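Below: the structure, in structure tokens.
The values are calculated or read from the model by the stated rules, or taken from the named source; none is laboratory data. What you see is a predicted model; the values in this text were computed from it and never measured. Positions of Cβ are backbone-derived with ideal geometry, glycine not excepted, and every protein chain shown enters the neighbour counts. For accessibility, only protein heavy atoms count, side chains too; no ligands or nucleic acids. Shrake-Rupley method; radii C 1.70, N 1.55, O 1.52, S 1.80 Å.
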Amino acid sequence: MNAADVPVVILCGGRGTRLQEKTVDIPKPLVEIGGHPIVWHVVQLYSVQGFRNFVLLTGYKGDLLEAFAAGTDWPAGVTVRCVDTGLDTQTGGRIKVGAQSGAYGDRPFAATYADGVADVDLSALREFHAGHGDLATMTVVRPELQFGVTEIGGDNRVTGFHEKPRSDHWINGGFFIFEPGVLEYLSESSILEREPLEGLATDGALHAFRHTGFWDCMDTYKDAVTLNDLWATGKPPWKVWP
């Protein structure tokens, strides 16, 4: 499975309600990190690892994303197109509608969110997916906790602190690889993270690719500030392109 032959589907249609400071006038994928929309960063981290065909599944303020896709100077050989999947369509429904438009054809495809960045090794992800032979692979991560942790002894005496440790639990980090058969688990009203992924897991067709490097999601204004601060250091950990 060559990366250039795998379409990358990016979920770009949500309203970004927890980021209202930024998303009144623009859609969440166009909120800037270091002077570039966050979806630009997502395309960059895929394209530098060999992916060439991108499909933005739009909804809220999709016309602005259309203009962005058409007006951006993408890397050589990279194409970025938009598919309007409806204003209030859920994540699973957007992928289903996008497939019905013929945007990715009857072949394996990658899928991710427009607001998550990571230094994930996408070649290793593809190899892992090909190796298990099932329908779906989901990248999982252990995020940093928002607050520090207090250690307490048996006598309620505080024994120490850990500043924002990593969670003990793995969560959905996006960066999926799907076989066409995954579309059978989706409907135009489905939420990807619920019945479809749960159904794939129940059927033993979903595998977890563990990413232990950097990962972050721009869910709130605070997250946007954090990512901009990391970019300002000159060495943002998700910047895997030259």
Place a +1 charge on the Cβ of each Lys and Arg in the chain and a -1 charge on the Cβ of each Asp and Glu, then give the dipole magnitude about the Cα centre in debye, rounded to the nearest 20.
340 debye
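When the accessible area of region 104-242 is split by element with a 1.4 Å probe, what percent falls to carbon and sulfur? Present the calculation step by step, with values, prior to reporting the outcome.
Working: 3820 of 7510 Å².
Roughly 51 percent of what the probe reaches on region 104-242 is carbon or sulfur.
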Most fluctuating residue given options 50, 154, 174, as computed from a GNM of the chain linking Cα atoms under 10 Å
154
If you roll a 1.4 Å probe over the heavy atoms of the protein chains, what accessible area per residue do you get for region 88-200, in Å²?
50 Å²
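Treat every Asp and Glu Cβ in region 63-171 as -1 and every Lys and Arg Cβ as +1, leave all other atoms uncharged, and give the resulting dipole magnitude about the Cα centre to the nearest 20 debye.
Working: 9 positive and 16 negative charges, 42 e Å.
Once rounded to the nearest 20, the dipole reads 200 debye.
How high is the relative contact order of the chain, in percent, counting Cα pairs under 8 Å that sit 6 or more residues apart?
Working: 459 pairs, mean separation 59.3, N = 242.
Rounded, it is 24 percent for the chain.
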Give the label of the value calculated from the structure for percent of Cα pairs over 31 Å apart, choosing from (i) 19; (ii) 22; (iii) 33.
(ii)
Dividing the helical contributions, -39500 (n - 2.57) per DSSP H run of n ≥ 4, by the residues of the chain yields a 222 nm value, nearest 500 deg cm²/dmol, of -7500 deg cm²/dmol
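If I compute solvent accessible area with a 1.4 Å probe over the protein chains, what percent of it on region 16-99 is carbon and sulfur?
Carbon and sulfur together cover 47 percent of it.
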Compare 124, 76, 208 in a GNM of the chain, Cα atoms joined below 10 Å, and give the one with the largest fluctuation.
76
Of the trypsin sites (Lys or Arg not before Pro) in region 142-227, which ones lie in a loop per DSSP and count no more than 15 other C-beta atoms within 10 Å?
157, 194
Positive-end residue of 58, 46, 139, charge dipole of the chain with Cβ unit charges
46
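Ranked by accessible surface with a 1.4 Å probe, highest first, in what order do 161, 214, 175 come? Don't jump to the answer; show the numbers that get you there.
Values: 161 150, 214 45, 175 0 Å².
Correct descending sequence by accessible area is 161, 214, 175.
Once you order the gyration tensor axes a ≥ b ≥ c over the Cα atoms, which shape class does region 1-73 get: rounded for a/c under 1.5, otherwise prolate or oblate by comparing a/b with b/c?
On the way: a/c = 2.13, a/b = 1.87, b/c = 1.14.
The shape class here is prolate.
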